[in-house]
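Peer 1: Once you've had a glance at the structure underneath, I'll fire off some questions.
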Amino acid sequence: MVRLDCRGEDCIVKVRDLDKKYYRGNEVIDVLRGTNLDVSPGEFIAFMGPSGSGKTTLLNLVGGLDEPTAGTIFIGGEELNKLSRRELARFRARYIGFIFQLYNLIPVLTAYQNVQLPLLLTSLSKKERIKHVETALAIVGLTGRMKHFPSQLSGGEAQRVAIARAIVTDPVLLLCDEPTGDLDRETGDGILELLGRLSKEFGKTVLMVTHDARAAAVADSILHLDKGILVEAQEPGVF
Amino acid sequence: MKYLHIILANLKRKKFRTILTIGSFAAALFLFGLLTVIDKAMNSGADFAGADRLLVINKVSLIMPLPYAYLERIRQIEGIEEVTFSVWFGGVYQDPKNFFPNIAIDTGTYRRVYSDIVIADGQWNDFLADRQGAIVGQDLAKRFGWKIGDRIPLEGTIWPGVWEFNIRGIWEMEDKSLPSSDFYFRYDYLEEQRPWGKGTVGWYIVKVTDPSAGAGIVSAIDGRFENSPYETKTDTEKVFLTGFANQIGNIRLIIISVGAVVFITLLLVTGNTMAISVRERTGELAVLKTLGFSDAGVLGLVVSESLLISGIGGLIGLALVKLFTLGGDPTGGFLQVFYLPPEAIGVGFLIALLMGFVAGFIPGVNAMRLRIVTAFRRI
Ligand SMILES: Nc1ncnc2c1ncn2[C@@H]1O[C@H](COP(=O)(O)OP(=O)(O)O)[C@@H](O)[C@H]1O
Ligand SMILES: [Mg+2]
């Protein structure tokens, strides 16, 4: 039982007694066992842990992409279990930005069109959409790449486009699954720095799964996930 | 449609495949359009066949003659208003490709049976005054640029030699939308000139007083000539004309079977193509869902893509048929009504869209059911 440090209702993510089991034939894989987690608005948390420890599973559950075996997840007061698939989709569109290790851009759409995707689900006019996309691309420092297709971008640039897509609707929560996992050191540092800025300057709450020890430099705290249990590291920067 | 660019981008993903799929729809709809045109052409004769007219032919075959003497014997039967007869001449104008029906008619009775053929009385009288006279349908006259007074040579195929005719009149159908492409000349001229076959006619056309009594008259006529050397077969003109089409095989059945097979094949091919193309981008569809696209939205994208392909392909196919028909009857007279009606274009387009919908629906539902986490694991 760690990280129950959010008092009252003011935490943005509240996870209680979360269990996640996978069934593979007769085998039961206990990925998460009684996980609890509180996150305050604007907080930047890094999750570390060995491969297969359930980091992605936890992130997917918090993002409403998967359903827990037991337990509850509240995001901004909304209980995810109680939402239908359709409501969950709408919820993700409005409140959550996703960033993946392999960027997950749509290869046949330009950088501009990729960033615009979440805005298509809103009632914004074309003009407003253009403004939002331009703003998002400016924040990630890629104004000059709008008409490029993903295959014409470097890894770092592609990840920046993906980040622009994640923030274009101005969500409160960013979920990043190993965002620097496929990048070289220098480029990865740039991405970490950008995520740090999104947290500090724009007040985004960031949950980031990473293997990158340098994540400590930008995260407010680091949690370790091992054998289905979350443990808080002593102090950021120790690892 | 703010999602259109996504659909178009998906179509551009595998350009060659998209072109092939559009091509299959175009080919299928071209075939559909053409079959419709042919079906219409085959059955157009029946559309204007008078219900009060019966045709009497030789029981053995249409091309076998009947004795001229039957004229009076048919006329004696109760309930018959008038009888006339014709002979198929089979002449060729310059080139066999210029085919049109040329028929010897009995001037004394013809107009009383075919009251729906319109010709100026003056022209008719000129026709009666000239043994070598002929009257031609307006469509036919237009086709060869003939005018009254022109001298037309026909090369005989049944009765050899070059036969010369003078155009004395131009007729048209009372209902102007019906074709007028026959060439009529005088039976007495044929009878006088032909070396054999004298004293026979090709078939009789009987006008009955009361169409509802037709069945009785049919058996009365055929009964009268039973066991004679020239037995007859009588039917309504309509049955005869559709029966004529039936001789070449049951055209409509063939058309429907061919069409059905083509469309089922099309459905299998495009359904498979759509399924492959959806499976290829499972990951991307999962990304869209992650971003908040609803299940129905993803289904909509896939189905729209399929609809766009089928719609474009269908229109291309139908446009090609339309262009083809504008060139006129390619058989030189056999298919006199060679025309793709707007309703057929509408029906064809709807069929194409329906096919597109069905082809896209199953992969679309799979895309809709796709679970994000499973899809990401698979990448
Ligand atoms: N859909 C699934 N079916 C079966 N096992 C799964 C499934 N998803 C994840 N797992 C298993 O759960 C464990 C945790 O996976 P994951 O959350 O991806 O770990 P991490 O991201 O920490 O590497 C792994 O052992 C993985 O094989
Ligand atoms: Mg993982």
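Peer 1: If you place +1 on the Cβ of every Lys and Arg, -1 on the Cβ of every Asp and Glu, and leave all else neutral, what size is the dipole of chain B about its Cα centre, to the nearest 20 Debye?
Peer 2: 2820 debye
Peer 1: In whole percent, and with a 1.4 Å probe on the protein chains, what portion of the accessible area of chain A is carbon and sulfur?
Peer 2: Taking all protein chains in place, chain A shows 50 percent carbon and sulfur surface.
Peer 1: Give the shape of chain B as rounded, prolate or oblate, defined through the alpha-carbon gyration tensor: a ≥ b ≥ c are the square roots of its eigenvalues, a/c under 1.5 means rounded, and otherwise the shape is prolate if a/b is larger than b/c and oblate if not.
Peer 2: Note, shape of chain B comes out prolate.
Peer 1: Now for a different question. How much accessible area per residue does region A:8-234 have, in Å², with a 1.4 Å probe?
Peer 2: It amounts to 43 Å² per residue over region A:8-234.
Peer 1: Also: Using the Karplus curve 6.51 cos²θ - 1.76 cosθ + 1.60 with θ = phi - 60°, what ³J(HN,Hα) values do you get for each residue of region B:268-281, in whole Hz, with x for Gly and Pro?
Peer 2: Ordered by residue, 3J(HN,Hα) equals 5, 5, 6, x, 5, 4, 5, 4, 4, 5, 6, 4, 4, 10 Hz.
Peer 1: Which whole number gives the average, over all residues in A:92-101, of C-beta atoms from other chains lying within 10 Å of the residue C-beta?
Peer 2: Other-chain Cβ atoms within 10 Å of each residue's Cβ, averaged: 3.
Peer 1: Please say if region A:27-97 is rounded, prolate or oblate, where rounded means a/c under 1.5 for a ≥ b ≥ c the square roots of the C-alpha gyration tensor eigenvalues, and otherwise the choice is prolate for a/b larger than b/c and oblate otherwise?
Peer 2: oblate
Peer 1: Let me ask something additional. Across the residues of B:292-299, average count of Cβ atoms on other protein chains within 10 Å?
Peer 2: 5
Peer 1: Between B:E78 and B:K15, what is 0.36 nm times their sequence separation minus the Cα-Cα distance? Round to one decimal in nm.
Peer 2: Answer, rounded to one decimal: 15.4 nm.
Peer 1: In whole percent, and with a 1.4 Å probe on the protein chains, what portion of the accessible area of region B:60-230 is carbon and sulfur?
Peer 2: Carbon-and-sulfur percentage of accessible area, whole number: 53.
Peer 1: While we're here: Helix B:295-326 sits at what angle to the longest principal axis of chain B, using alpha carbons and giving 0 to 90 degrees rounded to 10?
Peer 2: Taking the Cα atoms of chain B, the angle to B:295-326 is about 30 degrees.
Peer 1: What percent do you get for the relative contact order of chain B when only Cα pairs under 8 Å and 6+ apart count?
Peer 2: 29 percent
Peer 1: For region A:81-157 and region B:337-379, write down the distance between their C-alpha centroids in whole Å.
Peer 2: Between the Cα centres of region A:81-157 and region B:337-379 lies a distance of 28 Å.
Peer 1: Now for a separate question. Arrange the peptides A:36-46, A:111-121, B:318-328, A:157-167 so that the one whose residues have, on average, the most other Cβ atoms within 10 Å appears first.
Peer 2: Result, highest mean first: A:157-167, A:111-121, A:36-46, B:318-328.
Peer 1: In debye to the nearest 20, how big a dipole does the protein assembly as shown give about its Cα centre with +1 on each Lys and Arg Cβ and -1 on each Asp and Glu Cβ?
Peer 2: Once rounded to the nearest 20, the dipole reads 1440 debye.
Peer 1: For chain B, modelled as a Gaussian network with Cα springs under 10 Å, which listed residue fluctuates most, B:A352, B:A104, B:A220?
Peer 2: B:A220
Peer 1: Past 21 Å, Cα to Cα: identify those pairs from A:K21/A:K204; B:K14/B:K322; B:K40/B:K176; A:K82/A:K204; A:K131/B:K2; B:K176/B:K238, in the order given.
Peer 2: Pairs exceeding the cut-off: A:K21/A:K204; B:K14/B:K322; A:K82/A:K204.
Peer 1: Sticking with this one: Once every Cα of chain A carries one equal point scatterer and solvent is ignored, give the base-10 log of I(q)/I(0) from the Debye formula at q = 0.07, 0.12, 0.18 Å⁻¹, two decimals.
Peer 2: Each listed q corresponds, in turn, to -0.22, -0.67, -1.42.
Peer 1: Additional query: Ignoring ligands, DNA and RNA, how much accessible area is buried between chains A and B, both sides summed, with a 1.4 Å probe, to the nearest 100 Å²?
Peer 2: Heavy-atom accessible area buried at this interface is about 2300 Å².
Peer 1: Also, quick follow-up: Under a Cβ-only charge scheme (Lys and Arg +1, Asp and Glu -1), can you give me the dipole magnitude of chain A about the Cα centre, in debye to the nearest 20?
Peer 2: 960 debye
Peer 1: Report the local net charge at A:D212: Lys and Arg +1, Asp and Glu -1, summed over other residues whose C-beta lies under 14 Å from its C-beta.
Peer 2: Taking every other residue near A:D212 into account, the sum is -4.
Peer 1: Hey, another quick one. How much net charge surrounds B:G137 when only other residues with a Cβ under 11 Å from its Cβ are counted (Lys, Arg +1; Asp, Glu -1)?
Peer 2: -1
Peer 1: Still on this model: May I ask you to derive the relative contact order of region A:8-234, considering only C-alpha pairs under 8 Å and at least 6 residues apart, and to give it as an integer percent?
Peer 2: 29 percent
Peer 1: Counting each pair of different Cα atoms once, what's the Kirkwood radius of the protein assembly as shown in Å, rounded to one decimal?
Peer 2: Hydrodynamic radius (Kirkwood, Cα pairs) of the protein assembly as shown is 31.1 Å.
Peer 1: Out of A:L198, A:Y23, A:M146, whose Cα points farthest toward the positive end of the dipole of chain A (charges: +1 Lys, Arg; -1 Asp, Glu; placed on Cβ)?
Peer 2: A:M146
Peer 1: For the charge dipole of chain B, defined by +1 on Lys and Arg C-beta atoms and -1 on Asp and Glu C-beta atoms about the Cα centroid, which residue among B:I19, B:A9, B:V261 has the Cα displaced farthest towards the positive pole?
Peer 2: B:A9
Peer 1: When only Cα pairs under 8 Å and 6 or more residues apart are kept, what is the percent relative contact order across region A:103-160?
Peer 2: Computed over region A:103-160, the figure is 53 percent.
Peer 1: Whole-Å semi-axes of region A:107-177's equivalent ellipsoid, largest first, each the root of 5 times a Cα gyration tensor eigenvalue?
Peer 2: 18, 14, 11
Peer 1: Which shape class, rounded, prolate or oblate, goes with region B:126-272 when its Cα gyration tensor gives a ≥ b ≥ c as root eigenvalues, a/c under 1.5 marks rounded, and past that a/b bigger than b/c marks prolate?
Peer 2: oblate
Peer 1: Still on this structure: For the Cα atoms of chain B, what angle does the longest principal axis make with the long axis of helix B:342-369, in degrees from 0 to 90, nearest 10?
Peer 2: 20 degrees
Peer 1: Also: For peptide A:111-122, compute the average count of partner chain beta-carbon atoms within 10 Å of each residue's beta-carbon.
Peer 2: Partner Cβ neighbours, averaged per residue: 3.
Peer 1: Here is a further query. Identify, among B:V287, B:L34, B:G300, the residue whose Cα sits farthest towards the positive end of the charge dipole of chain B, taking +1 on the Cβ of Lys and Arg and -1 on the Cβ of Asp and Glu, with the dipole about the Cα centre.
Peer 2: The residue sitting farthest along the positive end of the dipole is B:V287.
The values are calculated or read from the model by the stated rules, or taken from the named source; none is laboratory data. Computed from a predicted model, the values in this text were never measured in an experiment. Note that each Cβ is placed from the backbone with ideal geometry, even for glycine, and that neighbours are counted across all protein chains shown. Just so you know, the surface numbers come from the protein's heavy atoms only, side chains and all, with ligands and any DNA or RNA stripped out. Shrake-Rupley method; radii C 1.70, N 1.55, O 1.52, S 1.80 Å.
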